[in-house]
Amino acid sequence: MSNQKLPEATLYTAIAEVIQQARQQVKQAVNQQMVQAYWHIGRLIVEEEQQGQERAEYGKQQLEQLSQRLQNEFGKGFDVGNLRNMRQFYLTIPKHYTLCSVLSWSHYRILMRLENPSARQWYADEAAQQNWSVRALERQIGVLYYERLLASKDKSVVEQEAQQKTAALPDDPREFLRDPYILDFLNLQDKTYQENDLEQAIISNLQQFLLELGKGFAFVERQQRIRTDDGDYFIDLVFYNFHLKCFLLIDLKMHKLTHQDVGQMDMYVRMYEEQKRRPDDNPTIGLILCSEHNHTVARYSVLSENKQLFASKYLTELPSEEELRRELERERDRVLRIQEAAAHYQSDLTK
């Protein structure tokens, strides 16, 4: 082992890193213990309420007295409101071993607002796996991230969700792309922006765009050049997905989807497959982000059959939750009608 001294600046950096890591580990350990403690406090309150009964009310005066004693001993983190939250915590998540060690009490307070157990579990898993901040989790719930993911799935998966069954996400591009994409963080509400403004806004807010784009995506390049004998072509945005193990090409459009847009993206994907795709990559996928859907083009173009081409609508303003739910319901109903018609057609052919 060398006895050579480290330069003072290097020594300081090394020590500072050790301290930061130690503090982070202590913070995580404390967080994990506090979350579990709050769950157990909620359990004790519920058990006291029930007293052997299936349902019972814990007197407001008793809870206030309990809160006052706890605050006198342990501080103001045990006011009546927080005790009620702990009670709800236990009722919402009745098994403490399902608690995630990386999620904070603030994460769980947001998750408890969700009535759908499948949605709650999905958001909890994603927040843990993708290291979502509390603010990121709140935004993803607010823009119905889970519901938009479901809207892109086929009928069997939708039925599983209706029956409160948790469906695993297969490595299928349709399960990683959604419709619509909510890009309110780009601050482009004045309607005077051009395609290059949209592209620049995405680059300037890349972290938030990646969060909206979904799990496993990494940015590759903007305006990536593809050379051909007849000239050069430029792809607006290129990403790579580590779950799908493939490239994602994005073409930004300020207008309603056209068959020319589909043809252009089809060409980009074919060129990328020939020039850029590596032997260990899965087939490249192309996503056209447009300001408005065109269901006729989607139905009667290669979009309807090609498993590598997709089109989604983007919104630069945050719709109300009710507006977004209505749009998702319309899209889901449309997809189900198409699938049912196709199933009937196939059934008729086999008769």
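Compute the Cα gyration tensor for the stretch 14-150, then decide on rounded, prolate or oblate, letting a ≥ b ≥ c be the square roots of its eigenvalues: rounded whenever a/c is under 1.5, prolate when a/b is larger than b/c in the other cases, and oblate in all that remain. Oblate, since a/c reaches 1.5 and b/c is not below a/b.
For the stretch 231-305, a Kirkwood hydrodynamic radius built from all Cα pairs, placed in the Stokes-Einstein relation at 37 °C and 0.692 mPa s, yields a translational diffusion coefficient of 251 µm²/s. The distance between label points at R69 and E17 comes to 5.1 nm (points 7 Å beyond Cα on the Cα→Cβ vector).
Taking other Cβ atoms within 10 Å as a rough exposure proxy, M34, M86 sort from fewest to most as M34, M86. If you take the Cα centroid of the stretch 200-262 and the Cα centroid of the stretch 63-80, the two points sit 53 Å apart. Pairs from the table (K27/K313; K253/K276; K95/K307; K191/K276; K76/K215; K95/K313) lying more than 32 angstrom apart at Cα are K27/K313; K95/K307; K191/K276; K76/K215; K95/K313.
If packing is taken as the average number of other Cβ atoms within 10 Å across a peptide's residues, how do 65-77, 251-263 rank, most packed first?
With the highest mean Cβ count within 10 Å placed first, the list reads 251-263, 65-77.
Considering only N82, Q24, I45, the residue lying farthest towards the positive end of the dipole of the stretch 12-131 is Q24, judged by Cα position with unit charges set on Cβ.
Once you order the gyration tensor axes a ≥ b ≥ c over the Cα atoms, which shape class does the stretch 165-282 get: rounded for a/c under 1.5, otherwise prolate or oblate by comparing a/b with b/c? Write out the running numbers ahead of the final one.
Values: a/c = 1.62, a/b = 1.01, b/c = 1.60.
Oblate, because a/c is 1.5 or more while a/b does not exceed b/c.
Please state the shape class of the stretch 190-241: rounded when a/c is under 1.5, otherwise prolate if a/b exceeds b/c and oblate if not, all from the C-alpha gyration tensor. It comes out oblate by the Cα gyration axes.
Read-outs throughout are calculated quantities, based only on the coordinates presented, and are distinct from any laboratory measurement. Quick caveat, the model's predicted, so the values are computed rather than measured. Methodologically, a virtual Cβ is constructed for each residue, glycine included, from the backbone with ideal geometry; neighbour enumeration extends over all protein chains shown.
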